[in-house]
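Quick one: structure below, then a few questions.
The values are calculated or read from the model by the stated rules, or taken from the named source; none is laboratory data. These numbers come from a predicted model, not from an experiment. As a convention, Cβ positions derive from the backbone with ideal geometry for all residues, glycine included, and neighbour counts pool all protein chains shown. We work out accessible area using only protein heavy atoms, side chains counted, and drop any ligands, DNA or RNA first. Shrake-Rupley method; radii C 1.70, N 1.55, O 1.52, S 1.80 Å.
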Amino acid sequence: MHDTLVDISAGQAPRLKSFSLTHFQYQDGDHFGMLLALISLAPIFLIVSETSIILSRREMAGVLLLLGQLLNELFNLIIKLIIREPRPHEHLGDGYGMPSSHAQFMGFFVVYVVVYLETRVVMHQVHRRVVQAGSLVLGGLVLISRVYLGYHTVRQVLAGTIVGAGAGAVCQVIY
């Protein structure tokens, strides 16, 4: 009996699949690439933050934002299955590249947040602009990271941004 779950005694290593939810690659020694790889994790942190806000504050605005984000992700998957365009470097991730799901996520988030703060939140103008600008900067950095790290083409990132921004705007109109 072996102490491991995988038997490699026959001399052949089994085919393993990476769980790539947070797996990003960048060139060794590229500190800017490492920073962008970390910034690429923003959608995961935003989902965790949105969920935490819902659980702690129980406000409908948070529920609608998270629901919209999840529907946006489903929409992204459907579009990818229809278009079936590969990533520019297929070894850098599973699945199709068009449109970029990170770009679509951030496009949705930025438009939703900017419009929500502008139309539904009473706060000091300077604070509103700082949060809106921060959202735009974070979104822009995530978009840059996808191209810089080689996971998507500029076209795939632009398509994702446009689709996500449109979905964010539609959700604001519906809500």
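For the chain, return all DSSP H helices satisfying: extent of Cα atoms along own axis at least 20 Å; mean Kyte-Doolittle hydropathy at least 0.0.
What comes out of the filter, once short or polar helices are dropped, is 42-57, 60-83, 101-120, 125-148, 154-174.
Now for a separate question. Can you give me the distance in nm between label points at Ala133 and Leu67, each placed 7 Å from the Cα along the Cα-to-Cβ direction?
3.4
Could you give the dipole magnitude of the range 30-175 about its Cα centre, charging the beta-carbon of Lys and Arg +1 and that of Asp and Glu -1, in debye to the nearest 20?
For the range 30-175, the charge dipole is close to 260 debye.
Which one of Val122, Val48, Val154 is farthest out on the positive end of the charge dipole of the chain, using unit charges on Cβ (Lys, Arg +1; Asp, Glu -1) and the Cα centre as origin?
Result: Val122.
Starting with the highest mean, order 99-110, 74-85, 33-44, 119-130 by the number of other Cβ atoms within 10 Å, averaged over the residues of each peptide.
Per-residue Cβ counts within 10 Å, averaged per peptide and sorted highest first, yield 99-110, 33-44, 74-85, 119-130.
Here's a follow-up. Within 10 Å, count the other beta carbons around each residue, average over each peptide in 60-73, 154-167, and list them highest first.
Descending packing order for the listed peptides: 154-167, 60-73.
Counting only heavy atoms of protein chains, what accessible area per residue, in Å², does the chain have with a probe of 1.4 Å?
It amounts to 63 Å² per residue over the chain.
Kirkwood hydrodynamic radius, computed over distinct alpha-carbon pairs, for the range 30-116: how many Å, to one decimal?
Across the range 30-116, the inverse of the average 1/r is 14.4 Å.
Counting only protein heavy atoms, what percent of the accessible surface of the chain is carbon or sulfur at a 1.4 Å probe?
69
Same structure again: Quickly estimate the mean residue ellipticity at 222 nm for the chain, helices only: each DSSP H run with n ≥ 4 gives -39500 (n - 2.57), and the total goes over all residues, rounded to 500.
Value at 222 nm, helices only, nearest 500: -22500 deg cm²/dmol.
A follow-up question, please. Quick one: accessible surface of Leu143, probe radius 1.4 Å, all protein chains present, in square angstrom to the nearest 10.
The accessible area of Leu143 comes to roughly 40 Å².
Now for a separate question. Based on the alpha-carbon set only, what is the convex hull volume of the range 43-175 divided per residue, in Å³?
Taking only Cα atoms, the range 43-175 has a hull volume of 101 Å³ per residue.
If r is the Cβ-Cβ distance from Ile83 to Val126 and R0 is 35 Å, what FRET efficiency results, to the nearest 0.05?
0.25
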